[in-house]
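Novice: One structure follows; several queries about it will come next.
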Amino acid sequence: MLTTEALVKELVEKNGRTRNSLMPVLQGIVQQEHYLSEEALLCVAKELDLAAADVYGTASFYTFLDTVPRGKNIIRVCKTITCHMKGKDEIVNTLSNALKIKVGETTHDKKFTLLTANCLGWCHKGPVMLINDEVYPELTPQKALEIVEEYAKSTH
Amino acid sequence: MENNLKKVDIIFEVDDKCTPLEVLDKTLKRSADDIILDLIDSGLKGRGGAGFPTGLKWKFTRNESGDVKYVICNADEGEPGTFKDREILDRVPEKIFAGMTICGYVVGAKEGYIYLRGEYNFLLKNLMKKLEDFNNALKKRNIDFRIFFKSGSGAYVCGEESALFESMEGKRGEPRNKPPYPTVAGYNSKPTVINNVETLVYTTMICHMGPERFKALGTSDSRGSKVFSVSGDTPIPGIYELELGMPLHEFVNEFGDGDTKAVQVGGASGHCVPRKKFNDTIIGFEGIPTGGSMMIFNSSRSMYNVLHDYLEFFTEESCGQCTPCRVGCQQLLKGIEAVKRGERPPAYLDDLKKLTGTMKIAAKCGLGQSVGNPFNSIIDNFREEIIY
C-alpha cells in the first residue's frame, strides 16, 4: 500500500493541482484509507497550496469525508422516514448486537464501522443499507446479518 | 370510483428506431433559437421541485456573453422519498447525456458535468462506461462538447444549485446569495445551466417528439408528465410516470392501501395533506408542486413521529451557515419534544409556527425556507397527535 504522502501526490497528479480537485482528492483518500487523517489533510493542503484550515473546513462539511478513523467496511443504515416505517431499528439493533458496537463505533479489529444515514434513495425498497459503495435494499435482520458475515469473511 | 389517473411512458420509453444519439443528430441540425422556442412552447418546467421554465433558463444562459459556459446535471437527489433520478440514471443515461449536449449546443457550452450524490456511487461503474461511449460518439461527430462526472459526499444541501457549485469548486456546500443566478454566474462564476436529471431527459424527448405531444398532457399550469416516487404505506411502491395536474384522491385510490391518513407531497420539505383534503388538492404547479416524492401514511402511523423524523433530518442537513436555519431547525425539534413531554403548553406550537415564518423570510436558501411546509401542514392538520 502507498504511504499517505505518495497517495496524495498520485491523486493530485490525476485530478489536477487546483482547488476544484479538492473533493475528488479527498474522496480518493477516503477510498483507500477509510478516513482523512491529520497527516493526509496536511499533505493535501501542501500539494494544492491551500491553508490546512481550508482543507479541513471542506472535509468536515461532508458526511462521507470522515475525519475520525473508520473501519475497512463502513455500514450506513438509512434512518429516514420510510425505512424507519419498514423496520430500520431492527436492522440497526441486529447489526449492533452482532458486531458488539453501538452506532458510530468501530469494531476492535477495525473491520466494521456502524453508522446511520439520511435518505439513501431506496424508499420503495426499505430498509436499506450501504456497505462502502455497495447498496443492499429490502433487508430483513437475517439478510443484513448474512451480508455482514460475508464481508467479515472476505476482509483481512 | 372512477379513476382518470393517466400513466405515461416518455422518460423510460426505449425507441430502437430513434436512439438518443439520433435525436441529438436531428436536433443539432436546427437553430438554437428554434430549440428554445420549442421548449418554451412545450411549457416544460424544472422537475427538481422549484419549477423554473426550462426554455427560459436556457435562453438566459444563451444570451450571456463569454466563451466559457457550463451545463450541469443535478443528480444530487436527496429529498426523502425521492428515488426517480436513480432509476433514470440507471436505465436511460444516454437520454440525459443527449439533453446535456443539446443544451451545450444551445447555450454555447463545451463542458457538461453530472454531479452525482455519493450515495449513488455504485452506479458509477456502469455510467462511466456508457459515458465513455457517448463522449467518443461526440468526438466522432466533431461535436465540441464533453461530459464528466463529479461525486458528492453525503450532503443534502448540495442539491441546492449554488451549494452544488461550491462543492464542485472544492468548498463547503454552503449556498450563495442570489442574485446573481446561475444563468449569469454559476460554476466557476461562469454562466451555467443547471437542470435536474428528469428535466434533461424531457428536453431530449421534446426535441424528439415535438412540443405538441408533451403539451397535450397535463393542465395549462402544469404541462406534461412527471416521474413520481411512491413509497410508504402502499402495496405498489415504485416509480410511476403520471400526467401532471391530477387530483390527489385519484392518486390515493390508485396507490393507497385503503386506509390512507395522509400523503406527504414533495418530500420532507413538501406539504402533508390529510385525508379530508384529498378531494381538493391538485398535484401540479397550480396546487402542490413536487419533485416527485409521494409518501403515503396510513392510520397506524403517528404523525408526531413523522414530523420528528423530518425535523431531525433538517437539523442534521442544515449547512449551519445562516442562523435562522441552523438554530430554527434545532428549536423546532426541541419545541415539539417539549410539547410532547408536557413541559410546554400546546399554545407553544403557535410560537413555533411563527418561527417557521421567520425562517421563510430570513433563511438563505430553500432548505431553511421550506421547513415550514411540513411543520405547519402537520401541526395544522394533526395537532392532537403532536400534543398527546
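All of the numbers you see were taken from the coordinates with simple rules; none came from a lab. Every value quoted in this text rests on a predicted model; they were computed, and no experiment measured them. We place every Cβ from the backbone using ideal geometry, glycine too, and count neighbours over all the protein chains shown.
Novice: Given H placed on each backbone N at 1.01 Å, which residues far from B:Lys110 in sequence or on other chains put an amide H within less than 5 Å of it?
Specialist: B:Lys69
Novice: With θ set to phi - 60° and the Karplus curve 6.51 cos²θ - 1.76 cosθ + 1.60, what are the ³J(HN,Hα) couplings of region A:113-125 in order, to the nearest whole Hz, using x for Gly and Pro?
Specialist: Result, ordered by residue: 10, 10, 9, 10, 9, 7, 1, 9, x, 10, 4, 7, 10 Hz.
Novice: With point charges of +1 on the Cβ of Lys and Arg and -1 on the Cβ of Asp and Glu, referenced to the Cα centre of the protein assembly as shown, which listed residue (B:Ser318, B:Gly224, B:Ser293) lies farthest in the positive direction of the dipole?
Specialist: Result: B:Ser318.
Novice: Of A:Phe61, A:Gly16, A:Cys43, whose Cα points farthest to the positive end of the dipole of region A:4-61 (charges on the beta-carbon: +1 Lys, Arg; -1 Asp, Glu; origin at the Cα centre)?
Specialist: So the residue we want is A:Gly16.
Novice: Averaged across B:294-304, how many Cβ atoms of other chains sit within 10 Å of each residue's Cβ atom?
Specialist: Shielding by partners across B:294-304 averages 1.
Novice: Now for a separate question. Hey, with R₀ at 45 Å, roughly what FRET efficiency would A:Lys143 and B:Arg146 work out to, going by the Cβ-Cβ distance, to 0.05?
Specialist: Efficiency, from the Cβ-Cβ distance: 0.65.
Novice: Around B:Glu212, under 12 Å between beta carbons, what's the net of Lys plus Arg minus Asp minus Glu among the other residues?
Specialist: Cβ neighbours under 12 Å give a net charge of +1.
Novice: By the gyration tensor of its Cα atoms, with a ≥ b ≥ c the square roots of the eigenvalues, what is the shape of region A:36-118: rounded for a/c under 1.5, prolate for a/b over b/c, or oblate?
Specialist: Note, shape of region A:36-118 comes out oblate.
Novice: If you don't mind, there's one more thing I want to ask. Cut-off 10 angstrom, C-alpha nodes, Gaussian network model of chain A. Which of A:Lys111, A:Lys125, A:Lys79 fluctuates the most?
Specialist: Most flexible of the set in this elastic network: A:Lys125.
Novice: Mind sorting B:Met205, A:Met129 by how few other Cβ atoms lie within 10 Å of their own Cβ, fewest first?
Specialist: Fewest-to-most ranking of B:Met205, A:Met129: B:Met205, A:Met129.
Novice: Using the Cα gyration tensor of region A:4-61, with a ≥ b ≥ c the square roots of its eigenvalues, what is the shape: rounded (a/c below 1.5), prolate (a/b larger than b/c) or oblate (neither)?
Specialist: rounded
Novice: Starting from the Cα of A:Thr107, step 7 Å along the direction of its Cβ; do the same at A:Glu134; then give the gap between the two resulting points in nm.
Specialist: 1.4 nm
Novice: Mind giving me the nanometre distance, one decimal, between the label points for B:Glu22 and A:Gln32, set 7 Å out from Cα along Cα→Cβ?
Specialist: My value for the distance between the label points is 4.6 nm.
Novice: Multiply the residue gap between B:Asn136 and B:Tyr348 by 0.36 nm, knock off their C-alpha separation, and tell me the result in nm, one decimal place.
Specialist: Result for the pair: 70.2 nm of gain on full extension.
Novice: Each residue of region B:264-281 in turn: what ³J(HN,Hα) in whole Hz from Karplus with 6.51, -1.76, 1.60 and θ = phi - 60°, glycine and Pro shown as x?
Specialist: 8, 9, x, x, 4, 8, x, 10, 9, 10, x, 3, 5, 9, 4, 5, 10, 10
Novice: How far apart, in nm, are the 7 Å Cα→Cβ label points at A:Ala53 and B:Ala32?
Specialist: 4.3 nm
Novice: What does the structure give for A:58-68 when I average, per residue, the other chain Cβ atoms found within 10 Å of the residue Cβ?
Specialist: Mean partner shielding for this stretch: 5.
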